[in-house]
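A quick write-up on the structure given underneath.
The values are calculated or read from the model by the stated rules, or taken from the named source; none is laboratory data. Quantities reported herein were computed from a predicted structural model and do not represent experimental measurements. Don't worry about glycine lacking a Cβ; one is built from the backbone with ideal geometry, like all the others, and counts go over all protein chains shown.
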Amino acid sequence: MKSFLIAGNWKMNMLREATRNLIDGINTGLEGLNLDNVQILICPTFTSLGLAQKLTNNSPLSLGAQNMHFEEKGAYTGEISPKMLIDSGCEYVILGHSERRQYFGEDNELLTKKIASAFVNNLIPVFCIGETLQERENNVTFKVLEYQLSLLSDFTTDELKTLVIAYEPIWAIGTGLTASEEQIYEVHSWIANYLQNKFGVTIKILYGGSLNEKNAKEILSTEFVSGGLIGGASLDAEKFLSIIQTAISIK
Ligand code: PEP
């Protein structure tokens with residue numbers, strides 16, 4: 001049976017009231033569903049984590065953050081540490097999202113420290129990789145992905161077994177464009193082979209990039225796709241639940 005991780009990246013959206021409504025809506029929709037093959041993760045903003053922790057206490061929803069600093073505490077004004085995420089009920093943390101790479105200059109050196117810190121603190125990193133449109137058109141997609149994945153050689157096999165990869169072609173994020181089934185299969189199978197050959201691990205590889213309730217069946221059914229990292233459609237309980245129900249239906 002295929003098993004899936006369906007993860008919502010809320011980005012910089014949702015005040016506390018909207019957070020309550022969305023989580024209540026998801027919790028209600030999950031009642032009575034058989035989630036044997038589906039894990040669900042939501043990644044709200046930092047200011048909603050405390051509330052989200054309370055609302056997910058007795059629900060199948062796992063909680064994650066969208067970023068963190070690599071240090072556990074100290075003089076880093078404005079930053080949030082892994083210990084603070086754990087204290088707020090997080091099990092996961094998204095690291096290396098293309099928006100953080102693009103707008104906040106996150107690179108392999110910084111991401112190595114962040115992933116190391118996540119492992120030490122027992123947080124599961126959802127490590128995002130992906131190419132720009134220009135890189136795809138210049139036929140350097142696999143070169144770019146190989147470089148982004150190369151930092152994983154700093155970690156042990158046991159650590160890597162807990163990691164989740166999210167392949168997110170940057171040109172498909174928030175644009176309404178999705179990669180075709182062939183493109184997704186080509187990249188996911190390449191990543192799976194790379195991870196197996198280089199590190200001897202088989203781990204979850206999520207697809208992200210305008211995944212929604214309409215294209216979920218085709219994308220999630222694709223071989224080597226073990227879930228989705230979903231931005232826009234995760235902000236709407238009905239759409240997010242529909243994607244979860246699609247995952248449940250794929251055996
Ligand atoms: C994302 O933010 O990781 C993402 C995939 O966004 P969207 O689903 O809106 O393209």
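If you filter region 82-104 down to residues that are away from the ligand (no atom under 14 Å from the Cβ) and in a helix (DSSP H, G or I), you find that the one that is nearest to residue 168 (Cα to Cα) is 104.
Let me confirm something: among 103, 92, 167, which residue is over 17 Å from residue 41 (Cα atoms), of a type outside the set (Lys, Arg) and at pLDDT 95 or above? When all the criteria are applied, what remains is 103. Of all residues in region 192-226, those that are small (Gly, Ala, Ser) and under 19 Å from residue 151 (Cα atoms) total 2.
The condition (being of a type in the set (Ser, Thr, Tyr) and closer than 30 Å to residue 221 by Cα) is satisfied by just one residue among 47, 28, 77: 28. The residues of region 170-190 that are β-branched (Val, Ile, Thr) and modelled with pLDDT of 95 or more, listed by number, are 170, 184, 187.
Taking region 149-244 and the helices (runs of 4 or more DSSP H) fully enclosed by it, no element has 1 or more residues that are surrounded by fewer than 18 Cβ atoms within 10 Å (Cβ to Cβ) and within 11 Å of the ligand (Cβ to nearest atom).
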